[in-house]
Amino acid sequence: DAANGLTPRQLEFQEKYLAGRTTGLAGMLITDGVVRHIYPGEQHRSGVRPGFAAAIAAAAGVAVPDTPVRLYFRAAAAGGAPPIRTFPAHTLPLLPKEWFDGAVVLLGADLPNQDTFRTPLAVAGRDNMTGVLIHAQAVAQLLDASRYPAMGIAAQILSLAIAVAIGVSIPFWRKTGVVLQALLALVVLGIYWVA
């Protein structure tokens, strides 16, 4: 809309082009500079406007959440294949049509330094991800009804208890020197963090 910098002429064209079509907002939820959640949409004067992935999932008959859901970025599929297959647009006529039977296909740009976002995969050394790939990850998650892997409440309580026990016990390691005590604390905390 105009808040995104569209001119009145662009808004008029968009309104005519999209009239009668199912639409979704292509926004991203960014927390601390990182996309971590599926954008469910927002309230608008004309009602709820769904996010892009939510609109696609709803059109496919899948119930969509009305609040942000943690996005589970899949780094790789079975056998190390990319989780979302991508093809340059000019190669589409050369690809087998069976590959696209029953598939959801998103068209989008992969331009350097444009429409790219930081994801949690950046911790593993991955580059920023294009907006269309983030939307594809969100659509796949909603269609699969998969959830972000998380510990149950019992595991969270146990984890917190272990962290508290470590934090309280470190000052009582009196038999070691200060340097060794600090190194042991770092090693223990490192093991805890990895676990």
Scan the strands (runs of 3 or more DSSP E) fully inside the range 1-78 and keep the ones with 1 or more residues being among the hydrophobic types (A, V, I, L, M, F, W, C), open to solvent by 50 Å² or more (accessible area, probe 1.4 Å) and touching a residue at least 12 places away in the same chain (Cβ under 8 Å). 29-31, 47-50
Just to verify a result, which residue in the range 130-147, among those that are open to solvent by 20 Å² or more (accessible area, probe 1.4 Å) and not hydrophobic (A, V, I, L, M, F, W, C), is nearest to residue 112 (Cα to Cα)? 135
Checking the structure you have, find out if any residue of the range 106-117 is assigned to a helix (DSSP H, G or I), modelled with pLDDT of 80 or more and surrounded by 10 or more Cβ atoms within 10 Å (Cβ to Cβ). no
Which residue, of 123, 188, is part of a helix (DSSP H, G or I) and loosely packed, with under 14 Cβ neighbours inside 10 Å? 123
With 185, 138, 161, 124 as the choices, which residue is modelled with pLDDT under 90 and within 30 Å of residue 76 (Cβ to Cβ)? 124
For residue 153, work out the one condition from (1) of a type outside the set (Lys, Arg); (2) free of Cβ contacts under 8 Å to residues at least 40 places away in the same chain; (3) open to solvent by less than 90 Å² (accessible area, probe 1.4 Å) it doesn't fulfil. (3)
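The values are calculated or read from the model by the stated rules, or taken from the named source; none is laboratory data. Owing to the predicted nature of the structure, the values given are computational and were not obtained by experimental measurement. Counting neighbours? That spans all protein chains shown, and the Cβs are built from the backbone with ideal geometry, glycine included. Heads up: the accessible areas ignore ligands, DNA and RNA and are worked out on the full protein's heavy atoms, side chains in. Shrake-Rupley method; radii C 1.70, N 1.55, O 1.52, S 1.80 Å.
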